[in-house]
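Undergrad: Below is one structure. I have some questions about it.
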Amino acid sequence: MFATLSDRLADTFKNLRGKGKLSEADIDATAREIRIALLEADVALPVVKEFVAAVKDRARGEEVSQALNPAQQIIKIVNEELVTILGGETRRLRYAKTGPTVIMLAGLQGAGKTTLAAKLALWLKDQGKTPILVAADLQRPNAVQQLQVNGERVGVPVFAPEAGNGVGNPVEVARSAIDEAKRKLHDVVIIDTAGRLGVDAELMKQAADIRDAVQPDEVLFVVDAMIGQDAVTTAQLFLDGVGYDGVVLTKLDGDARGGAALSIASITGRPVMFASAGEKMTDFDLFHPDRMASRILD
Ligand code: GDP
């Protein structure tokens, strides 16, 4: 990801090398190049506009350090602005003060929720937690079984509907799962919910009902970074329909141009909290805006 954006920005900065002081024309030309680079990377237009305006403003201002040459100054500003639009500081999970921490996952079908649920469970387990996975996606055929297979791969138990705990009713499954977690002393409950291929009202309502029933500590919106500009639209629809605290970007290992990663936090006001980047269960970690910005400017 970000290969094209990285290359374009590197070319832009190359043009500034050897310059003593940046003229107004240099700043304008650089801003134009940055704008094109971001648009080509599929970053949403309002985000691009805000970004370029901030860079221009700061480049003109006198905050610049004597120790840096003009190219380095612009790189520093772009780096800091990238960190800002990526959400600022790394946002860590909030754990419940008492009882199990409940994490609910929402997103479109195919976003990578079920895979992500298991990755998150493994990541928590590696930190000494005792998570339980909950199969509350009762729409997609095989979703329950897929979660069970993934749960086995990472050695985390899966709570699935069976006679007595809400067959066919995801809200009941989620509720029973929390009771089970309390009984068996699991400290984190990860609820996988249904996603359809497109956003629909029934899906939103179901997710909202689960949310109301279990009052999660964190609702995470899972989104495939490969869907580009659509990611922002979907993110907004889920924000209005279900609401969430943070975003998980999946498939960062693909050749997405990066626009989703760069736009979502800025447009939704919700931080990207985790990045999932591959088919392996360990291809997963907290999302660090500063590291991502450095990678783009590498
Ligand atoms: P769900 O419908 O949201 O539960 O999505 P799944 O977890 O079933 O994932 C959909 C497809 O994307 C599966 O083929 C996964 O193996 C694949 N997938 C999930 N996460 C990643 C990722 O980070 N990278 C790649 N390359 N593929 C992924």
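Undergrad: For a protection proxy built on the mean count of beta-carbon atoms within 10 angstrom, sort 213-221, 99-107, 29-37 highest first, please. Mind showing how you got there, number by number?
TA: Values: 213-221: 20.6, 99-107: 23.8, 29-37: 18.6.
Descending mean neighbour count gives 99-107, 213-221, 29-37.
Undergrad: Which log10 I(q)/I(0) values does the range 31-156 give at q = 0.15, 0.19 Å⁻¹ under the Debye formula, counting every alpha carbon as one identical point scatterer?
TA: -0.83, -0.99
Undergrad: So what is the relative contact order of the chain, in percent, for Cα pairs below 8 Å that sit 6 or more residues apart? Intermediate values should be presented prior to the final figure.
TA: Details: 574 pairs, mean separation 76.3, N = 298.
Relative contact order of the chain: 26 percent.
Undergrad: Can you list the DSSP H helices in the chain whose Cα atoms extend at least 15 Å along the helix axis and whose mean Kyte-Doolittle hydropathy is -0.5 or higher?
TA: Correct list, ordered by number: 3-14, 24-40, 45-60, 70-85, 113-126, 143-154, 201-214, 229-241.
Undergrad: Scan around Thr130 for amide H atoms under 5 Å from its own, H built in the peptide plane at 1.01 Å from N, and keep only partners 5 or more places away or cross-chain.
TA: Amide H to amide H, under 5 Å and 5 or more residues apart or across chains, Thr130 pairs with Asp187, Val188.
Undergrad: Taking a probe of 1.4 Å, how large is the accessible area per residue of the chain, in Å²?
TA: 45
Undergrad: Among the lysines, which have Cα under 22 Å from the Cα of Lys49 when same-chain residues fewer than 8 positions away are ignored?
TA: Of all the lysines, those that pass the test against Lys49 - Cα under 22 Å, at least 8 places apart if same chain - are Lys76.
Undergrad: Collect residues whose amide H, placed 1.01 Å from N in the peptide plane, falls under 5 Å from the amide H of Thr193; neighbours closer than 5 in sequence don't count.
TA: Leu105
Undergrad: While we're here: Using amide H atoms built 1.01 Å from N in the peptide plane, name the residues 5+ places from Gly246, or on other chains, whose amide H lies under 5 Å from its own.
TA: Val219, Phe221
Undergrad: Per the 1.4 Å probe, what fraction of the accessible area of the chain, in percent, lies on carbon and sulfur atoms?
TA: Details: 6450 of 13390 Å².
It is 48 percent, rounded to a whole number.
The values are calculated or read from the model by the stated rules, or taken from the named source; none is laboratory data. The model shown is predicted, which means the values in this text are computed figures rather than measured ones. All Cβ positions, glycine included, derive from the backbone under ideal geometry; neighbour counts span all protein chains shown. The area values use the complete protein model at the heavy-atom level, side chains included, leaving out ligands, DNA and RNA. Shrake-Rupley method; radii C 1.70, N 1.55, O 1.52, S 1.80 Å.
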